[in-house]
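Shown next, in structure tokens, is the structure this report addresses.
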Amino acid sequence: MPTGSETSAFLAQVKASLKSRSYHILDKRQKYISTLAQLGIVQQDVINDINGLTVNENWLKEPDNNPTFPGDVWQCKKILYGQCIYIKLKIQLSNNGFLLIMSYHIDGM
């Protein structure tokens with residue numbers, strides 16, 4: 001489990017990436033599309049939800065198991081829209097950091 005200061009630094013990068021539009025949603029699979037449809041939300045809602053994440057969420061950080069993309073993957077679950085939402089994020093290592101939104105879907109889907 002990451003420390004509060006690690007999580008705070010990560011979230012600062014996440015919010016900076018969102019503000020500068022330096023992000024990409026990788027999860028265009030059925031789980032993502034179905035979650036948006038079931039919750040009646042759009043992609044901007046996903047961005048707003050991620051921007052609203054805090055240090056107080058139950059964060060898990062682990063090394064990416066894909067050696068092509070070094071760095072850590074961050075995961076949390078948060079109750080949004082009356083559902084437990086699984087969110088997985090990564091800051092891709094580069095000069096300014098690039099946010100990869102790897103998963104956003106109803107947990108267990």
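Values in this text are rule-based calculations from the coordinates and carry no lab data. Please read these numbers as outputs of a predicted model, since none were measured by experiment. When we count neighbours, we look across all protein chains shown, and the Cβ atoms used for this are built from the backbone with ideal geometry, even at glycine.
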Checklist outcome for this item: Per the filter on region 27-47, residues of a type in the set (A, V, I, L, M, F, W, C) and exposed (fewer than 14 other Cβ atoms within 10 Å of the Cβ) are Ile33, Ala37, Val42
Item to check | Looking only at region 1-40, and only at residues there that are part of a loop (DSSP other than H, G, I, E, B) and out of contact with any Leu (no Cβ under 9 Å at 6 or more places or on another chain), the one that is farthest from Gln92 (Cα to Cα) | outcome: Gly40
Checklist entry - closer than 17 Å to Ser8 by Cα and surrounded by 16 or more Cβ atoms within 10 Å (Cβ to Cβ), is that true of Leu60? => result no
Checklist outcome for this item: Scanning region 1-58 for residues that are within 13 Å of Leu100 (Cα to Cα) and of a type in the set (Asp, Glu) gives Asp27
Checklist outcome for this item: Selection over region 16-39 where residues are touching a residue at least 24 places away in the same chain (Cβ under 8 Å) and either on the phi > 0 side of the Ramachandran plot or not β-branched (Val, Ile, Thr) (or both) yields a count of 14
Item to check | Total residues in region 76-109, condition within 8 Å of the chain's Cα centre (by Cα) and among the charged types (D, E, K, R) | outcome: 2
